[in-house]
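Beneath this line is the structure, given in structure tokens, with notes to follow.
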Amino acid sequence: MISARGLIKRYGDHTAVDGIDITVPKGQAFGFLGPNGAGKSTTMRMIGCVSPPTAGELRILGMDAATQGPAIRARLGVVPQDDTLDTELNLLENLVIYARYFGIKYKVARERARELLDFVQLSDRAESKVEALSGGMRRRLTIARSLINEPDLVMLDEPTTGLDPQARHLVWERLFRLKKRGVTLVLTTHYMDEAEQLCDRLVVMDGGKIAAEGTPRQLIETHVTREVVELRFNTEDHSAYAEKLDGAAERVEVLPDRVLLYTDDGESSVSEVHGRGLSPASVLERRATLEDVFLRLTGRTLVD
Amino acid sequence: MRAGTLHAFEHWLLNYKRTWHGTLFSGFLLPVLFIVGLGMAVGGYVNGSSAIGGVDYVAFIAPGLLASTAFQISSGELTWPVFAATRWGSQYKAMQASPLSPGEILNGHLLYGLLRGVSSALFFFIVMAVFGLLQSAWAPLALLAAAATAASVIGATYAVSMSAKHESALSMVHRFAILPLTLFSAVFFPLAQLPSYIQPLAWISPVWHGVELSRAATLGVAPPWPIAAHIGVLAVWAVGGWYAARRSLLKKLKV
Amino acid sequence: MAVMTTLAVRNKGLRPAPMVERNYAVHRHGWIMIISGLLESLFYLFSLGVGVGALVKQIELPGGRMVDYAVFVAPAMLANAAMNAAVAETTFNVFGKLKWMKLYDGVLATPMRPRDVAAGEITWALIRGAIYSAAFLVVMAALGLTDTWWAVLAFPGSVLIGLTFSGIGMLATTYFRNWPDFDWMMAFIFVMFLFSGSFAPIENYPSWLQWAVYASPLYHGIELLRAFSLGDLSPMLLVHAAYLAVVGAVCMGFAARRLSKLLYK
Ligand SMILES: Nc1ncnc2c1ncn2[C@@H]1O[C@H](COP(=O)(O)OP(=O)(O)O)[C@@H](O)[C@H]1O
Ligand SMILES: [Mg+2]
């Protein structure tokens, strides 16, 4: 469905996407994970054929992105990061007019628009203006809009960022249904639970490059240990424990408020800690998550 | 004048420091272009005609433009900015949080609108002097007439903009009030050229009274009505407008 | 597959229709705005044409023919109305959609291309301008400001003016950064309005100014419409029309290209 080789995007002398290779087969749910500014949206816009790559090869649905943009876009559904809904039209008109941009016949457009409003549970709002919608409703409307041309490939850029839990679960549930119908999904997110729930395959992006790639399980196995033990001590300064815990696990990470032990066997690590005569105020053993992978690969410093 | 009014006024003045370059054209250049363009084109046909009192066409329209510019700038300044101040701009919210009373907020804004119009008029007055269009010792009074024209409309414009429900109402104010008042208040041709059944409409137009007073001053002739009558109409507009503006603001601030 | 082939076939041509349909959906209930736009140009006609005309009475055309001043000014007001409608639509409205509403960012995720968007907006501006012009012509005829059937040609003439100024407006919009820029554009438009022979034959101007006026597309528009409404045809009209067409086409070409650059970031 998508194949990118050495894809590069520069803005002036700033490189937003720095030579990435990706392959997305049909029917897969493919995720881009990464901190703000990693280049996720830029990549999505290049795949959406609204941003010409500076260099590299990009083929989508068997066509060349550089020369066949309109034909590719005819078969894509796009949910951009900032909805870009038409604020001068009501919900139904938003969908119908959008269908017209695809050259879909008016009658068909109206039917699909009604169905899709139903699909995202906004039928009772068909006549309201976009401005009157909450963030979650807008997102759902944008998702409905992206499906108006019955696309083979749907691209979602941070579909649930800023939504409340109810709205997120509704969006996830709708995306699951699409996946079941065999629609190929490409999405970006910085929610690990979203990535774990929805994606068959992931890439972690950082600074315009791909830092890691694989299924969620593979990523955890390759980049972190199976389990993580979180220790808190009664102290202002945890850094003193770095030395004392050295070797107690495969990797020890000291944070201002706690110490993390990356280990394949949590219990033996905990007894090792006690064996060294240390008595943490609290001990938490848990399975390693994508979040650990993410933080490991992209660092803990805030980027914004 | 109370200090609060000056504070509110200052707010708008500071705001103007950021946006002034966008007002150069409408505030200063436009009336000058009018006298050059129309003076050159129409002047050749009507200079010295008895219908305009035997003067040159530029000398006839310039005092009219003086008053109508003051009117346009002052009222223009009190449409979108007033509408926005309680909505998107929410400048009034910030002012309300300070110890300013509604009356001070109102007067400060009106004063700013008035001075914008007067400063444009002052600039144009100097241009008139340079072009030799001030033909009487009474001419400086034309500035007063222009100021009075601006003063007579600021309250009413404020009231309408403050109570407007939707932005589109402001375009309507421009198209159906400000523009026709400019075009049909004897700025470009004497009232007598209008059909007699329309003339009474101009009598209630504050702009017409301002234009006639201004013209009387620069040409040194008697205005069509007694001076007191012209001033009286302007005063009624000014006072009535101020009360309407006050009412509209109080109503808005309550909800 | 069927959709794809039709699109591939259509890929070459322009698709202005969807954008027009979108604008129609927005303005379906906004006809008051359209009527008020027409009234605005009629106000100018009554004031600077009929009102000032009562002062001037008759003027002599360069050929020696005497006409009422209002008859002379009316076609200029029509040309001006056509210009204003086109400029308002392609500058204020398009800029709002481009920079504030980010509307086109959404549109371009579909098979629509920047040139389809530009063509659609220009078509819409022409439709709106054509409504003004037709109504204005009817008023002109009703007031006896024209008395020849040639005046019917002033309608396509004003559509041509609309085309030229839509192109100019679109191109200008791609250069605008913020609202104060519009003030300067309005200044430019207004200077053209005053000095393009609206109020007197430009033969009355000093000769250096005449040469500047020849560059003004509005001047050529006014000459065209005035010739039609006075029934005063000459081969020069082809020159005026050609000038308008060329300026319009060149501006549109550049506008579409610049719009691509702005939107395909
Ligand atoms: N239109 C643009 N012009 C200049 N720089 C841009 C533009 N769009 C994105 N960038 C830059 O490219 C980098 C990647 O941005 P983006 O793709 O939006 O990241 P993400 O979606 O992962 O948060 C950022 O540093 C951003 O500032
Ligand atoms: Mg992003």
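Within the stretch B:4-91, considering only helices (runs of 4 or more DSSP H) that don't extend past its boundaries, which have at least 2 residues that are farther than 22 Å from residue B:179 by Cα and small (Gly, Ala, Ser)?
Passing ranges, in order: B:30-46.
Does the stretch B:89-98 contain any residue that is open to solvent by 60 Å² or more (accessible area, probe 1.4 Å), of a type in the set (Phe, Trp, Tyr) and over 21 Å from the mean Cα position of the chain (by Cα)?
The answer is no; no qualifying residue exists.
Return the residues of the stretch B:99-126 that are over 30 Å from residue B:64 (Cα atoms), in a helix (DSSP H, G or I) and open to solvent by 40 Å² or more (accessible area, probe 1.4 Å); say none if nothing qualifies.
B:102
Among the residues of the stretch A:129-181 satisfying the criterion of being of a type in the set (A, V, I, L, M, F, W, C) and touching a strand residue (DSSP E or B) at 6+ places or on another chain (Cβ under 6 Å), which is farthest from ligand 1 (Cβ to nearest atom)?
By that ranking, first place goes to A:147.
Take residue A:193 and decide whether it is away from every other protein chain (no Cβ under 14 Å), in a helix (DSSP H, G or I), open to solvent by 50 Å² or more (accessible area, probe 1.4 Å) and more than 15 Å from ligand 1 (Cβ to nearest atom).
Answer is yes for this residue.
Given the condition open to solvent by 40 Å² or more (accessible area, probe 1.4 Å) and within 16 Å of ligand 1 (Cβ to nearest atom), answer yes or no: does some residue in the stretch A:62-85 qualify?
yes
For the stretch A:1-15, give me the residue count where each residue is within 15 Å of ligand 1 (Cβ to nearest atom), assigned to a strand (DSSP E or B) and open to solvent by 10 Å² or more (accessible area, probe 1.4 Å).
Looking only at that region, the number is 6.
Given the structure, is residue C:198 farther than 20 Å from residue C:56 by Cα and in a loop (DSSP other than H, G, I, E, B)?
Taking the combined requirement at face value, the residue does not satisfy it.
Can you tell me which residues in the stretch A:16-61 are more than 8 Å from ligand 1 (Cβ to nearest atom), open to solvent by 10 Å² or more (accessible area, probe 1.4 Å) and outside any loop (DSSP other than H, G, I, E, B)?
If the condition is that a residue be more than 8 Å from ligand 1 (Cβ to nearest atom), open to solvent by 10 Å² or more (accessible area, probe 1.4 Å) and outside any loop (DSSP other than H, G, I, E, B), then A:18, A:19, A:21, A:23, A:55, A:56, A:57, A:59 are the ones that fit.
Out of the stretch B:157-195, which residues are farther than 18 Å from residue B:207 by Cβ, out of contact with any Ser or Thr (no Cβ under 9 Å at 6 or more places or on another chain) and of a type in the set (A, V, I, L, M, F, W, C)?
none
Quick check on the stretch C:98-147: of everything there that is among the polar types (S, T, N, Q) and more than 30 Å from residue A:104 (Cα to Cα), which residue is nearest to the other protein chains (Cβ to nearest Cβ)?
C:133
Being at pLDDT below 95, of a type outside the set (Val, Ile, Thr), in the same structural domain as residue A:205 (by TED's automatic domain parsing) and more than 26 Å from residue A:297 (Cβ to Cβ) narrows it down to one residue among A:29, A:71; which is it?
Of A:29, A:71, the one residue that is at pLDDT below 95, of a type outside the set (Val, Ile, Thr), in the same structural domain as residue A:205 (by TED's automatic domain parsing) and more than 26 Å from residue A:297 (Cβ to Cβ) is A:71.
Can you work out which of the residues in the stretch A:203-215 that are away from ligand 1 (no atom under 14 Å from the Cβ) and not charged (D, E, K, R) is nearest to residue A:179 (Cα to Cα)?
Checking each candidate, the answer is A:215.
Given the conditions (1) loosely packed, with under 15 Cβ neighbours inside 10 Å; (2) touching a strand residue (DSSP E or B) at 6+ places or on another chain (Cβ under 7 Å); (3) not basic (Lys, Arg), report the number of the one that residue B:45 does not fulfil.
(1)
The values are calculated or read from the model by the stated rules, or taken from the named source; none is laboratory data. Note that the structure is predicted; figures quoted are calculated from it, not measured. Virtual Cβ from ideal backbone geometry, glycine too; neighbours counted across all protein chains shown. Heads up: the accessible areas ignore ligands, DNA and RNA and are worked out on the full protein's heavy atoms, side chains in. Shrake-Rupley method; radii C 1.70, N 1.55, O 1.52, S 1.80 Å.
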